[in-house]
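Have a look at the structure below before the remarks.
Read-outs: derived from the displayed coordinates by stated rules, not from any lab. Nothing here was measured: the structure is a model prediction, and the numbers come from that model. With ideal geometry, Cβ positions are generated from the backbone for all residues, glycine too; neighbour counts draw on all protein chains shown.
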Amino acid sequence: MAKTPRTWTGARSPSGLKRVRTAERRHAILGPRRTAAKTLVKNALTAAATPTEGIDTQAALTDAISALDRAARVGAIHPNAAARRKSRLVRKVNAAVAGTAAAAPHVAKTIGKAAAQKAAKARIAAGKAGKAKGAQTAAGKARAALSKSSRAEAAAAASAAAAKATAAKAAAATAAPKAAPTKARAIKAAPKPKSTPAKAATPAKAATPTTKAAAVKKAAAVKKAPARKVSKA
């Protein structure tokens, strides 16, 4: 048998009923704080717009700011909402005291639907690209820094190698013209030694037959000469 009637549309589970009771208690405690902050903000604006005797504008502004801070501290309103309300309140009070109308803090841009969709797609793509790079975590930042440094080192090494190659080519180009005249001089000086041995070879060939003839005559004379007798003692 159900504990609640069938027409009940609220919570049925024990945890759901507990959340209902908790929300009622929080509303009973935090509601008055939100109301008090709104009332004090309204009083500060009224005092700044229509100054009257016995009401200090600065005191009313201080009370309103303190009420907003208390409401944000206990959780009645969001801290960002409290900061936004305080900023707007101070601007309006300053404008009222100066006697000028407060300008709108933000002017909305009027753009077409297609342009808005295109801008939204661009933001989504940029967010996905940032997540893919991994820069949102410490490890991703380290990887990005490492890859960046390695790319820089590689570029520096490549530039240094190119500079060395250029310097070597320049040195070779400057040394090549100096060595060329030496080869030309050696080629020109080569014919002189060839003519000298040719002149000296002619007398040597002419002297060879006379020497052979003298040797033949000497051998013939030795054969014709009589042998000497050796006397015995």
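Observations, loosely collected:
- Label-to-label distance, nm, for residues given as Lys164 and Val20 (7 Å Cα→Cβ offset): 8.3 nm
- For region 26-43, putting each phi into the Karplus relation 6.51 cos²θ - 1.76 cosθ + 1.60 with θ = phi - 60° gives couplings of 5, 5, 5, 8, 8, x, x, 5, 5, 5, 5, 5, 4, 5, 5, 5, 5, 5 Hz, in residue order, rounded to whole numbers and with x for Gly and Pro.
- For Ala11, no residue 5 or more places off, or on another chain, has a built amide H under 5 Å of its own.
- Dmax and Rg, reported as Rg then Dmax, of region 14-98 (C-alpha, Å): 15.9, 58
- Net length available on complete extension from Ser87 to Ala145 is 16.9 nm, with 0.36 nm assigned per residue and the Cα-Cα distance removed.
- Order by protection proxy (mean Cβ within 10 Å, highest first), peptides 70-77, 84-91, 8-15: 70-77, 84-91, 8-15
- Applying the Karplus relation 6.51 cos²θ - 1.76 cosθ + 1.60 with θ = phi - 60° to region 65-78 yields 3J(HN,Hα) values of 5, 5, 5, 5, 5, 5, 5, 6, 5, 8, x, 5, 9, 6 Hz, where x marks Gly and Pro.
- Arg73-Ala172 pseudo-label distance in nm [points 7 Å out on the Cα-to-Cβ vector]: 8.2 nm
- Estimated vicinal HN-Hα couplings, Hz - region 86-97 in sequence order (Karplus 6.51, -1.76, 1.60; Gly, Pro = x): 5, 4, 5, 4, 5, 4, 5, 5, 5, 5, 5, 5
- FRET E, pair Glu53, Ile111, Förster distance 41 Å, beta-carbon r, rounded to 0.05: 0.25
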